[in-house]
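As structure tokens, the structure follows; a few thoughts come after it.
Please treat every number below as a calculation from the coordinates, not as lab data. This one's a predicted model, so the numbers in the text were calculated from it and none came from an experiment. Positions of Cβ are backbone-derived with ideal geometry, glycine not excepted, and every protein chain shown enters the neighbour counts.
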Amino acid sequence: MMILSGDAPRGWALRGVLIVVTLALALAPFLFPGAKALNVAEKICIYALLAASYDVLLGYTGIVSFAHVMFFGVGSYGVALALYGLGPGWGAIGLGVVAGLVVSLALALAIGLFSLRVQSIFFAMVTLAVAYAFNVLASQLSWLTGGEDGRSFQVPSVLRPGFNLVDGEVFGFAITGRTLSYYLVFACCVALFLVLLRVVNSPFGRVLQAIRENPFRAEALGYRIVFHRTLATCIAAAGATAAGALNALWLHYTGPDTALSFSIQIDVLVVVVIGGMGSLYGSIAGAALFVVAENYLQALMGKLSAGAADLGLPLLPGLLHPDRWLLWLGLMFILAIYFAPTGIVGKLRASDDAAR
Amino acid sequence: MSAIDFGAPLPRPRMDLTPALTPLIVAAIAFPFVGSVSTFVTLTAAGIAMGMMIFVMASGLTLAFGMMDVLNFGHGAFISLGAYIATLALLPLGLWWQADSLALNVGALIVALAAAAVVCGAFGFVFERLIIVPVYGQHLKQILVTIGGSIVIEQLLYALFGPDQIPITPPAAFHGSFLVGDATIEKYRVFAAIVGLLVFAGQMLVLNRTKIGLLIRAGVENREMVEALGYRIDRLFVGVFMASAALAGLGGVLWGLYRGQVHASMGGELLVLVFIVIIIGGLGSVGGCFTGAILVALIANYAGFLAPKLALVSNILLMVVVLLWRPRGLYPLSGR
């Protein structure tokens with residue numbers, strides 16, 4: 001259990017769910033052929049990493065940031081601008097990732113030192129304002145970022161859909177650049193997830209949890225709160241930046257909607273809360289549930305809405321319209337905060353404890 | 001005859017005037033850069049009107065925070081809700097709205113404002129009872145749960161009113177502008193500024209001259225002590241929260257008419273501005289919120305004229321500068 005940093009998921013139900021999700025993601029190109037299914041699998045990986053890094057802040061340190069997507073966007077734009085400006089190449093990708101990380105860490109450090117000294121509620125407001133300003137900047141500085149249109153770019157040929165690793169097929173599947181891209185994303189997400197797991201289970205992670213539970217006491221024990229909170233912010237920012245860079249490589253495109261939109265921030269918040277705050281495994285379960293629901297529940301809602309419209313029911317067609325799925329998610333979100341603060345992970349563990 | 005007069009009021013703390021003067025200083029600095037007097041007057045008037053509208057929204061949020069220690073991230077949803085209520089009130093009031101009579105126009109506008117305030121206040125009651133009561137004293141959960149509430153309200157607005165922007169214009173008498181010398185001042189902005197000033201004066205009066213205001217101020221300073229004196233603080237809380245939601249609705253109507261359109265996402269966008277204003281003003285302080293709103297709006301207008309690119313981040317820069325000067329805002333509440 002070295003690889004899981006001694007924090008293996010407790011409970012058979014939880015383990016089962018996580019093993020199924022991880023295996024499904026690992027074999028996604030072979031289990032679920034087709035462009036849409038692969039997109040869904042990729043989004044689950046990205047959201048799991050993004051949510052895990054967010055959970056370091058929200059669940060482990062107990063501070064709410066609204067700038068997490070900003071860091072995601074910095075990573076996205078870093079890779080996009082490097083590949084757009086320098087042409088396809090691994091060097092450009094490396095440069096983009098490094099530049100993104102530098103910018104992200106500088107921003108995180110500045111925001112943290114500036115606003116974490118006071119109440120954590122202050123941090124929430126400041127990050128909201130900064131993230132909004134960043135979003136506006138990214139869509140206005142069109143000479144650099146392409147404005148609202150964003151930037152489309154070429155990736156190295158190995159990752160392009162036209163590339164074939166081997167001639168012919170392996171077990172009846174063509175190994176294309178798309179498959180390789182997916183495995184690049186998957187491998188990086190798994191590796192970074194394990195790194196985050198290492199972080200939260202280190203002595204440093206324990207201090208974060210102590211700060212979450214009782215800042216005064218943690219300070220009295222001699223831990224500098226501002227330092228730990230700011231470092232947690234930086235680690236979370238780095239995770240989000242990496243997720244953004246991977247997502248940009250997958251999409252071959254970066255724009256305000258895919259990289260900086262506030263709705264992504266809401267999505268991540270929902271994933272973490274529904275998955276379970278304070279446990280990184282929650283982000284995997286939450287991301288899988290969220291993305292699958294987003295892609296397949298909407299179709300169901302569309303049918304229900306049409307059915308309600310046929311029956312001539314008032315209001316229901318509007319409420320069940322596929323675009324209104326956030327409404328139901330929002331309700332679930334509120335209920336989760338009240339009745340299941342530990343989310344899916346907590347529920348699965350509890351059911352297992354009860355059975356024992 | 002006693003030597004001590006027990007009925008005498010406590011000595012008033014000295015009023016700190018420097019922060020209140022900052023808008024004047026900003027205006028004085030901006031003047032030579034703008035150059036022309038008429039442009040300067042137009043910009044300043046626009047800034048003051050915008051500031052008043054933002055103040056109406058922000059004062060509700062800061063009041064609720066100061067009193068209840070609840071930062072309502074769903075405040076933006078109430079702003080949107082108020083604006084939508086105004087579009088509904090327009091339907092029966094259409095004739096008054098178009099009428100060629102200032103009295104009828106003002107009447108219609110006041111009815112629309114009152115309707116929005118009442119409906120938002122009622123919603124605030126439900127919101128407080130259902131969503132906020134269980135999480136008093138837990139900041140993290142408050143933030144999350146009010147975010148959840150705002151998502152639900154915003155989605156409900158989309159479901160009820162459709163996803164498109166709804167155009168809305170002020171009543172006929174408020175179209176056009178006044179001409180003061182060469183400077184143009186839109187009539188509607190004058191009205192909005194007057195409403196904002198009235199709200200400010202009303203809040204100051206209620207807070208400083210009435211029993212309720214005394215209790216609210218006492219509750220801000222020390223909640224337990226007010227409870228120990230036998231007052232039902234939870235009723236006070238729900239009252240303050242309703243007032244806060246009503247102010248959001250009022251501000252939403254003013255802003256919707258000012259922008260000429262209503263959309264469910266407007267509240268979320270304004271919330272950013274409102275947060276900046278109450279951070280600058282000092283969390284919980286109504287007077288600071290007033291100063292902060294004018295400061296933010298003036299700088300946004302001057303910057304929009306002088307350096308449009310800079311205007312995008314002028315609010316953030318202002319916030320940074322203010323917090324470097326006074327880390328707890330212009331008028332921080334004591335005891336926090």
(request) Decide, for segment B:137-192, between rounded, prolate and oblate: order the square roots of the alpha carbon gyration tensor eigenvalues as a ≥ b ≥ c, take rounded if a/c falls under 1.5, and otherwise choose prolate if a/b is larger than b/c, else oblate. (result) oblate
(message) Could you work out [θ]222 nm for chain B from helices alone, using -39500 (n - 2.57) per DSSP H run of at least four and dividing by all its residues? Round to the nearest 500 deg cm²/dmol.
(response) -25000 deg cm²/dmol
(message) To the nearest 20 Debye, how big is the dipole of segment A:16-355 about its Cα centre, given +1 on the beta carbon of each Lys and Arg and -1 on that of each Asp and Glu?
(response) 640 debye
(request) Compute the relative contact order of segment A:16-355 as a whole-number percentage, counting only Cα pairs closer than 8 Å that sit 6 or more residues apart in sequence. (result) 29 percent
(request) Starting from segment B:190-264, pick out the trypsin sites (Lys or Arg not before Pro) whose DSSP state is loop and whose Cβ has at most 16 other Cβ atoms within 10 Å. (result) B:Arg232
(message) Just want the answer: with Cβ charges of +1 for Lys and Arg and -1 for Asp and Glu, which residue in A:Pro161, A:Gly172, A:Phe72 is farthest toward the dipole's positive end in segment A:47-187?
(response) A:Phe72
(request) Give the relative contact order (percent, whole number) for segment A:54-100; include only Cα pairs under 8 Å separated by 6+ residues. (result) 32 percent
(message) Can you classify chain B as rounded, prolate or oblate using the Cα gyration tensor, where a ≥ b ≥ c are the square roots of its eigenvalues, rounded means a/c under 1.5, and otherwise it's prolate if a/b beats b/c and oblate if not?
(response) oblate
(message) No partner Cβ under 4.7 angstrom, meaning no disulfide-compatible partner by this rule: which Cys of the protein assembly as shown qualify?
(response) A:Cys188, A:Cys234, B:Cys120, B:Cys289
(message) With the alpha-carbon atoms as the only input, what is the per residue convex hull volume for segment B:121-260 in Å³?
(response) 163 Å³
(message) What three numbers, in Å, describe the spread of the alpha carbons of the protein assembly as shown along their principal axes, ordered from the longest?
(response) 95, 61, 60
(request) Of the options B:Phe178, B:Trp97, B:Ile279, report the single residue whose Cα projects farthest towards the positive end of the charge dipole of the protein assembly as shown (beta-carbon charges: Lys, Arg +1; Asp, Glu -1). (result) B:Ile279
(message) If the only charges are +1 at each Lys and Arg Cβ and -1 at each Asp and Glu Cβ, what is the size of the charge dipole of segment B:35-325 around the Cα centre, to the nearest 20 debye?
(response) 300 debye
(message) Can you classify segment A:197-356 as rounded, prolate or oblate using the Cα gyration tensor, where a ≥ b ≥ c are the square roots of its eigenvalues, rounded means a/c under 1.5, and otherwise it's prolate if a/b beats b/c and oblate if not?
(response) prolate
(message) Just want the ordering: A:Ser65, A:Ser152, A:Ser181, from fewest to most Cβ atoms lying within 10 Å of their own Cβ.
(response) A:Ser152, A:Ser181, A:Ser65
(message) From the helices alone, meaning DSSP H stretches of at least four residues, give me the mean residue ellipticity at 222 nm for chain A, per-run term -39500 (n - 2.57), in deg cm²/dmol to the nearest 500.
(response) -23500 deg cm²/dmol
(request) List the relative contact order of chain B as a percent without decimals, with contacts defined as Cα pairs under 8 Å and 6+ residues apart. (result) 34 percent
